[in-house]
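Reviewing the structure listed below.
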Amino acid sequence: MANFYTDNDDIRFLFHYYDLKALAGIMEGDFADAAECDWAPADAAEAVDNYDRVLEIIGQISGDTIEPNAEAVDQEGNRLNEDGTVTRPPGMVENLQRLAAAEVMGFTLPHRFGGLNFPNLVYSISNEIISRADASLMNIYGLQGIAETINAFADESIKRKYLPGFAQGKYTGAMVLTEPDAGSDLQAIKTAAQVTQDETGQWRLHGVKRFITNGCGEVLLVLARSEPDRSGGLGLSLFVCERGPTVKIRRLENKLGIHGSPTCEIFFDNTPCELIGERQRGLVTYVMSLMNGARVGIAAQSIGIAEAAYRAARDYAARRKQFGVAIDAFPAVRELLIEMKLEIEAARSLMYETCWWVDHEYGAARRLEAGQVADKEQKKELQQQAKQCKKLAGMFTPMCKYYASEMCNRVTYSAIQVLGGSGYMKDYPVERHARDARITSIYEGTSQLQIIAAVRGVCSGAAEKFLLAQEEYPYPDEAAELVEILRTGRRQLVEAIAYVKGQPGTEYMDLHGRALVDAAIGVIVGHLFCQQGVAEPSRRDAFTEPAAPTGPGNQPATGADTTGQTPSAYRSIQRHKRIVADRTIRANAARIAMLTREIQRGDRSTITQFEALLGTHPGA
């Protein structure tokens, strides 16, 4: 069977492109854990080797077990029992058992709790790999953010109570936020969480939550109103409770896709629970942190689904013959396939860049909290670095989630189109991929909400500062024309931002937010592709080293360079990246110019002529 890590050259290229040793230093500090934990790395090189090995294990499990189980899991789904418990499909149970046995369920948890202590970037790679095999499994595996939140904000006793079980794969979690009348507007949450009148001050949950992914999990993080006399976000706190007799699943939602992931309506009947962190910080601090991580997870899920759909379409187009030739010989089909692949690579690059800044934000904040910097000037510099990383992570996270999820829907739609009538049938997996894709632009914040968040980062100056820094990259002379196109795109974006900021209020910004964010993404991705096309690898191994001559009589093999060596996989993909950069940057240039012109046209008809364009609502 295929290994979903080693068979993906783009993932492996980016694994070698990014300086993962730097991220290992952030996560491991002085590598002191190696003295107490035999699985902790002794240095950065060993840490990166561990990342590589674990991803290979996950890739193998994905190819051998998870993907072959996916169709049955989709067809069987979950079953709600009379006692309010949920039975998972056998394939999902096997998947979780394999992952637990591989000891990868504590991916980002500290070593002291049995975790791997890997950076977010590597965790996101694993999420993509698993999502390619079965998107619904990622909704359970990818909820390791529950454990991360407990580790970040709970007291030591709660950490010791739950985190080892997460790392061992004994527990799965759920973030229990949504209520029947509180979806995107979490400040409207009403669930009561009141202190009982006994001497222990026990908190108890009472109320209903809906649309809860993996609500039947063993450990639940619940956002609830702890201050009944205070409305809004500051009246909410975060609690942890366990699955038990006072937690009843009343309903499993009958969904379009991701059938292996149970989406539950939960009734809490005075369920005992414990407070996470401090009262009144549940939404503003803790859940916002949790949801930002979840949004990067959905971006990874989206890329995995799209990768699976693209591969199915690519394979079908190469084998399916019409008029005596394979259909991938037709320009229209070629265009579809190329656009699918390039959009996936763009989303993947954007996600990796997002994770890079998320990991660096974490590293800077951790050093400041630990008081590791005594020198005032160094501390001031670190504070500035932390602030900059936070701004970039705050802009990139919604941008990445928006772009990847919308891309996923486009790619799966195109995959069905490539397969034609066969794509509409359940004989092929692309219809499942399309069904699974549809939710990605909805949950963990709709695309519209992601745009609202991202456009504020774009208009705050974060995008301009980032792009100006990219223009200082030591590009070779042959990239000068492309860099100038990107420089022009940045200027057009800045002009459009200035126009928007000159309008009263934020209404016009929200109206044209998508155009601004799309233009910013176009320039950012152009730089990412351009740099990937010229950068040296950060790590040397068989993937980056040229192969020795393998032709007859020890002659140079086909494709060998002038030295008689076959270029390394890294260099081969790098050539591909240069071609991708050229095509993408030139194509995006016209679109960025169009988007920025449209923004500055001043059109407000969507707001001012809403009823005239739609007509009066019949129920008005």
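Here are some notes:
- Check on N78, more than 29 Å from P119 (Cα to Cα) and at pLDDT 95 or above: yes
- Within the range 606-620, being aliphatic (A, V, I, L, M) and exposed (fewer than 10 other Cβ atoms within 10 Å of the Cβ) holds for A612, L613, L614, A620.
- When residues of the range 510-520 are limited to those that are open to solvent by 10 Å² or more (accessible area, probe 1.4 Å) and in contact (Cβ under 8 Å) with a residue 60 or more places away in the chain, the one farthest from L342 (Cα to Cα): L511
- Residue match in the range 322-340 (condition: open to solvent by 20 Å² or more (accessible area, probe 1.4 Å), assigned to a helix (DSSP H, G or I), farther than 26 Å from D582 by Cβ and at pLDDT 95 or above): no
- Selection from the range 105-115 of residues that are open to solvent by 20 Å² or more (accessible area, probe 1.4 Å) and either aromatic (F, W, Y) or assigned to a helix (DSSP H, G or I) (or both): R112
- Criterion (surrounded by fewer than 18 Cβ atoms within 10 Å (Cβ to Cβ) and in contact with a Pro (Cβ under 8 Å, 6 or more places away or on another chain)) met by exactly one of A102, A34, A42, A47: A34
- None of D7, D30, D49 is among the acidic types (D, E), within 19 Å of F543 (Cα to Cα) and in a loop (DSSP other than H, G, I, E, B) except D7.
- Number of the condition not met by Q60 [criteria: (1) within 26 Å of E431 (Cβ to Cβ); (2) polar (S, T, N, Q); (3) surrounded by 17 or more Cβ atoms within 10 Å (Cβ to Cβ)]: (1)
- Residue pairs whose Cβ atoms lie under 7 Å apart, sitting 6 or more positions apart in sequence or on different chains, and linking a residue in the range 449-461 that is of a type in the set (A, V, I, L, M) to a partner that is outside any helix (DSSP H, G or I), are L449/S184.
- Positions within the range 271-288 being in a helix (DSSP H, G or I) and open to solvent by 60 Å² or more (accessible area, probe 1.4 Å), in sequence order: V284, M288
- Single unsatisfied condition, A364 versus (1) among the hydrophobic types (A, V, I, L, M, F, W, C); (2) at pLDDT 95 or above; (3) open to solvent by less than 20 Å² (accessible area, probe 1.4 Å): (2)
- Residue identified as hydrophobic (A, V, I, L, M, F, W, C), open to solvent by less than 40 Å² (accessible area, probe 1.4 Å), at pLDDT 95 or above and over 21 Å from Q144 (Cα atoms) among L23, L14: L14
- When residues of the range 522-537 are limited to those that are among the β-branched types (V, I, T) and open to solvent by less than 10 Å² (accessible area, probe 1.4 Å), the one farthest from L14 (Cα to Cα): V523
- Whichever residue in the range 197-254 is acidic (D, E) and over 25 Å from the mean Cα position of the chain (by Cα) and, among such residues, is most open to solvent (accessible area, probe 1.4 Å): E199
The values are calculated or read from the model by the stated rules, or taken from the named source; none is laboratory data. Everything quoted here is computed from the prediction, not taken from an experiment. Neighbour counts run over all protein chains shown; Cβ positions are idealised from the backbone, glycine included. Quick note on the areas: whole protein, heavy atoms, side chains included, nothing else; ligands and nucleic acids left out. Shrake-Rupley method; radii C 1.70, N 1.55, O 1.52, S 1.80 Å.
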